[in-house]
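Structure record follows, encoded as structure tokens.
The values are calculated or read from the model by the stated rules, or taken from the named source; none is laboratory data. Just so we're clear, the structure is a prediction, and the values are computed from it rather than from any experiment. All Cβ positions, glycine included, derive from the backbone under ideal geometry; neighbour counts span all protein chains shown. The protein model used for the area step is the full one, side chains on, heavy atoms only, and it has no ligands, DNA or RNA in it. Shrake-Rupley method; radii C 1.70, N 1.55, O 1.52, S 1.80 Å.
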Amino acid sequence: MQDTTIDWLLGTPRPLILYAVPFFLLLIGVEILVGIASRRRFYRFNDSVNDLSCGIIDQVTRIFFQGALFAGYLYLYRHWRLTEMTEWSAAAKWGAAIALVLGVDLGFYWFHRIAHEYSAPWATHVVHHQSEEYNLAVALRQSAFESCFAWIFYLPLALIGFPPLWYATISAINLLYQFWVHTEAIDRLGPLEWVMNTPSHHRVHHARNPKYLDKNYAGMFIIWDRMFGTFQVEEEQPVYGLTRPLESWNPIWANLHYWVHLWRQAREAPYWTDKIKIWFMPLGWTPRGVAPYPPAPEVTRESVKKYNARVGLGMTLYVLFQFSCVLVGAVVVMGLEKSKPVTWLATPAALVFWSLANLGAIFERRPWAGRSELARIGVTGAVLGSFGVASGMTWLAIAAGAWTIVSLAWLWPQRATLAPREAPNAASAVTETSDRQLASTS
């Protein structure tokens, strides 16, 4: 059959997320200007770097397993689909596309809800809720492991017969929609609030106030929350973050901390059955012989002191410079996904992860941050320089050498400022936190 408009729109999807990145950055800039004009502070630099670092780790990690996860959808579609939508008329395809928009959002609702109600799924989702701010950068704060769990909820769409490229495109649109609801710069939106997910609705979802916990799971349409009894209107000002904050700027720890928490609980449980059950039980469940956790406390913006470990201006500018370089490097790594084997990409991906962990450690003034950063500069410069020489890209070898010299010259005089100052213990904060408390969102 001849291609129709709907086939072109959904059958040959563009990399929508990649194309949207410049608009994300532009809108973040607009939000910062709105905050300045209204004398409201929406952003903190250290928090935003941590948000974006988590997003980079998520996108780079996807290189190594995204294809395997999508294979399940492809298999069900090829062998078990109930309908053949590609043979439908143009009008029928438009109707199917609308149904797919609703189906993807319903799948997201149930994935999102389960991820807040059960231990292991929550461990894959908690990263998105760690920030104590609420801004557009938080929308980019995603977990590296969430897609390993979320894909299951969309498999019914493959069985129905929605083509994989249709599903991929609508999923990208669903994700893009959710970007703009992460802001305090937009107030209530009148009648739109009855049907669509809005900033007001999503602020509730990201709040740690006890009355707001486990509410408003919607992606695009708030109708699911209204239908299934999880809707809550925004009333008092939300307080964002986990009820027991992560207290770390390390994006690697941000992705692992709740898994460590579950492991510690399993180790403390005296019964083997409970050691296994802890990974699958609802949040708040306590193993026998382990003291129960207190309920989430009432909070106000005045009573909460945000975690704000930071360094001086010189090191802050150094982090900005290094983060910009890492961002460029991560984009290059992702751009090579189709042309290079994953084994080849493992080394640059590891350098990206090491770099982002170091930048978080610099903000925290960890005792090992300076030594690790000096080692990272040396290793990264050597790897890039060697690759440039071996591949005949002289410009890359020269750029790697210049970057190494500039980085060392900048870091060395500043190294004394990395002396520990009230070094937070993120691990102990997690140990004291209940599953239900950790499920409080930001």
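Numerical summary
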item	result
Calculated FRET value between Val342 and Thr394, using beta carbons and R₀ = 30 Å, to 0.05	0.60
Set Lys211/Lys306; Lys277/Lys338; Lys211/Lys277; Lys277/Lys305 screened for pairs whose C-alpha atoms are more than 30 Å apart	Lys277/Lys338; Lys277/Lys305
Rounded accessible area of Lys306 (nearest 10 Å², 1.4 Å probe)	90
Two-decimal Rg/Rh across region 28-146, once Rg and the Kirkwood Rh are taken from alpha-carbon atoms	1.10
Gain upon complete extension [Ile405, Tyr293; 0.36 nm per residue less C-alpha separation]	35.2 nm
Cβ-Cβ FRET estimate between Leu69 and Val304, R0 fixed at 60 Å, reported to 0.05	0.95
Axial C-alpha extent at least 27 Å, average Kyte-Doolittle at least -1.0 - helices from the chain (DSSP)	16-37, 45-80, 90-117, 313-335, 342-364, 369-390, 394-414
Ratio Rg/Rh [Cα only; Rh per Kirkwood] for the chain	0.98
Length-normalised contact order for the chain - Cα pairs under 8 Å, 6+ apart - percent	20
Met227 versus Arg62: modelled label distance in nm, points set 7 Å from Cα along the beta carbon direction	2.6
Within-12-Å neighbourhood charge of Leu106 [Cβ basis; K, R +1; D, E -1]	-1
Total charge dipole magnitude, region 55-107, about the Cα centre, Cβ charges on Lys, Arg, Asp, Glu only, Debye to nearest 20	100
Highest-first arrangement of 235-248, 270-283, where packing means the average Cβ count within 10 Å	235-248, 270-283
Length-normalised contact order for region 303-401 - Cα pairs under 8 Å, 6+ apart - percent	24
At R0 = 22 Å, FRET efficiency that the Cβ-Cβ distance of Thr86 and Ile173 yields, to 0.05	0.65
Heavy atoms of Asp105 accessible to a 1.4 Å probe, total area in Å² rounded to 10	0
With all protein chains modelled, accessible area of Ser119 [1.4 Å, Å²]	0
Distance between modelled label sites at Phe280 and Val260, nm, 7 Å Cα→Cβ extension	2.7
Selected from Ala150, Tyr217, Ser372, residue furthest toward positive end of dipole (the chain; charges at beta carbon)	Ser372
Inter-site label distance for Glu268 and Trp368 at 7 Å from Cα along Cβ, in nm	2.4
Chain lengthening between Leu33 and Leu317 when straightened (0.36 nm per residue, less Cα-Cα)	100.2 nm
